[in-house]
1. Highest first, please rank the peptides 178-184, 294-300 by the mean number of other Cβ atoms sitting within 10 Å of their residues.
2. What ranking do 239, 431 get, fewest neighbouring Cβ atoms within 10 angstrom at the top?
3. Run the numbers for residue 157 and residue 271: contour at 0.36 nm per residue of separation, minus the present Cα-Cα distance, in nm.
4. Which order do peptides 492-498, 447-453 fall in by mean Cβ count within 10 Å, highest first?
5. Report the antiparallel proportion of the DSSP beta bridges in the range 192-311 as a percent, rounded to a multiple of 5.
6. How many angstrom lie between the C-alpha centres of the range 76-113 and the range 199-238?
7. Give me the percent relative contact order of the range 116-254, please, defined on Cα pairs under 8 angstrom at least 6 residues apart.
8. Could you compute the FRET efficiency for residue 314 and residue 219, with r as their C-beta to C-beta distance and R0 at 60 Å, rounded to 0.05?
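Readers should treat all values here as calculations from the given coordinates under stated rules, not as data from a laboratory. Everything numeric in this text was worked out from a predicted model, so none of it was measured. Heads up, the Cβs are rebuilt from the backbone with ideal geometry, glycines too, and the neighbour counts pull from every protein chain shown.
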């Protein structure tokens, strides 16, 4: 192609721009709702079409020049009826200068199945008092899905090369990353446009807490997490169980740690509990009784111990038989209580071997006392006091046995090798030791100590197994008097003995 032909092509391109500008100027800058009429000059050869764009004496002046070949402008291009004669392009390749700026993408596809939606790039509203913005308009459906207002800050929307999107940040660390100097937030607003009740929620976070805000109802904060909250503070497993401070919740609410309620703790009744663990609390729906699991079985504290009366009680040798109204009669072996009881009268003393010999021994000692009183009246006061003390202790012992057996719900099961021994020394002043032997296979063992009125004074958990051991009891925790202690092995009472603190 020679220089003349190239020069002709450039002239044709410039003439096309000039004529378009004249058309826009004739429209007074308001735009036209109709597409301009295009008059096409068909070439008769493959050479560039040269056209005279000056006054046409044979017909109307052409408004559009059609060049049926590719156009190349090796320089910047100024378009618009307000373009100056000598524009300053700077680094701009295309300069659009006009009071209404639009770039229209007119898809002319007409074949079935081909997309043909039209789009427009818009810079600002055209009416007085309109908005300043840049937008992409769906021209076919007259909708604007994308708009950026003037003065929007840097990095209002930033797409990183890995696809991460940042809001107010040019370094998004996650798929969506929002950055703000004060409480970055996400608003979820249901407008009511679809017929549903309007409701607005905010999800936000700051140095005080992460929270969900109910904007519609007074900006209440029903959910908050403080900074520094531990891992798994709230954990929900696939079954819907909620764990607090645990990742293995076995129940609808499983708390790993202590709980406190300032109101009522409500338990829903269940008929069965699967896989109970030590310390579980259960409201049994079968009998409406609250029970706890002691590691072996469900236990209901206080059941079968209240509102019961003795209907009879009598001694048979060393055995105390007790009948319980509305309950099961029990028999208590008194040997540990009476075998070691001793009455001292002056320098003489007697051990009470069984309950039947109690009266005879007492009468014998009374006879000795009378003989001694006959010889010396100075001992009378001491003898009477010791006798009264002995009788009081025996009365306390019988009353304690009655109360103890009436209140116990445990079965008297003898374990041949689990042993509870008599404390030494007994009577004691200062301290005394209670010895015992627990089989290795025993899971739970305790020694409980009661006073003569049946009140629990102390409980000692036994951890030693397979060897004779002892616990030390001191009189600083006990007033002078008679006390009883029992060995409880895996929920079953095994032996009861008495001890005396001076």
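1. Details: 178-184: 11.9, 294-300: 13.4.
Those peptides, ordered most packed to least, come out 294-300, 178-184.
2. Numbers: 239 9, 431 13.
With the sparsest Cβ surroundings first, the list reads 239, 431.
3. Working: separation 114, 0.36 × 114 = 41.04 nm, distance 5.81 nm.
Using 0.36 nm per residue and subtracting the Cα-Cα distance, I get 35.2 nm.
4. Numbers: 492-498: 19.9, 447-453: 17.3.
By packing density, highest mean first, the sequence is 492-498, 447-453.
5. If I count the DSSP bridges inside the range 192-311, around 80 percent turn out antiparallel.
6. 50 Å
7. Values: 257 pairs, mean separation 11.9, N = 139.
Relative contact order for the range 116-254 comes out at 9 percent.
8. Working: r = 77 Å, r/R0 = 1.28.
In this case the efficiency is close to 0.20.
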